[in-house]
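Worksheet: the structure to be examined is printed underneath.
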Amino acid sequence: MLTERQRLELCKKCLNRKFDTKTGVVCGLTDEKPTFDETCPDFKKDTSVKDRVDDEHIGYSSKDLKSKIPAEEYDRLIDEQNWDKAVIAGAVVALLGSVLWGVFAYAFGMMLSITAAVIGFLISLTVRKFGKGIEKKFTYLSIAFSLISLIIGHMLAIVFFTASQSDLSVLEVLSSLGFTGLVIGYFASFSLPMIFFYVAAIISSFYVSERKISAKDIQEMNSRVFEGKA
């Protein structure tokens, strides 16, 4: 069901519209505010009226989006989501990101929050591209992958450093330390600044992972359904 604001936006593009000094835009046939649910049988598009687009280019939450567009358009967006692709593609980029983080930390002997933010951004961008998600679960997936990527990357940095200080290869160090040794090494080398790295990755994931639906997209979806072109 359309909101009053959505009805008025559509009426402004109808040849049957009329302006009332007391109530604003009304239907010229009934002299009343529009009350239709999804479509109006008397709608006649005024081609001289250009679509107005608010300066909004941020994504809406799933809850907010549901109240701004027709039910069939919302269902279409839900159907276009692909959780499996988001998981697979996100996991691949997270793995590559962990290697990048480990190599960077080892090569420069430091970790920078900007690198963590970039890794989080790339993972989230991948999840958004392949998942086309509008639900929060895609954000949570990106955050999880980003944190896992940084943790594994930190462990890899420990392995690279240990290998460089001994005659062992990277694989031999991995075999020697095992999972338990890596976990112990991770917590032993954990420092307060590392919290900022994780925060940077989380913030990047939070703002990038969900599919962005702009005001223009919303307006087009409303018009498409209203005009019977969906």
The one condition in (1) within 15 Å of residue 121 (Cβ to Cβ); (2) surrounded by 16 or more Cβ atoms within 10 Å (Cβ to Cβ); (3) hydrophobic (A, V, I, L, M, F, W, C) that residue 199 fails to fulfil = (2)
task = Just one of (1) in the same structural domain as residue 148 (by TED's automatic domain parsing); (2) under 30 Å from residue 137 (Cα atoms); (3) surrounded by fewer than 17 Cβ atoms within 10 Å (Cβ to Cβ) trips up residue 175, so point out which.
result = (2)
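Test residue 175 against the stated conditions and say whether it is without any contact (Cβ under 8 Å) to a residue 24 or more places away in the chain and over 19 Å from the mean Cα position of the chain (by Cα).
Numbers: without any contact (Cβ under 8 Å) to a residue 24 or more places away in the chain: yes; over 19 Å from the mean Cα position of the chain (by Cα): yes.
It is true that residue 175 is without any contact (Cβ under 8 Å) to a residue 24 or more places away in the chain and over 19 Å from the mean Cα position of the chain (by Cα).
The values are calculated or read from the model by the stated rules, or taken from the named source; none is laboratory data. Note that the coordinates shown come from a computational prediction; the quantities given were computed from them, not determined experimentally. So basically every Cβ, Gly included, is an ideal-geometry build from the backbone, and we count neighbours across all protein chains shown.
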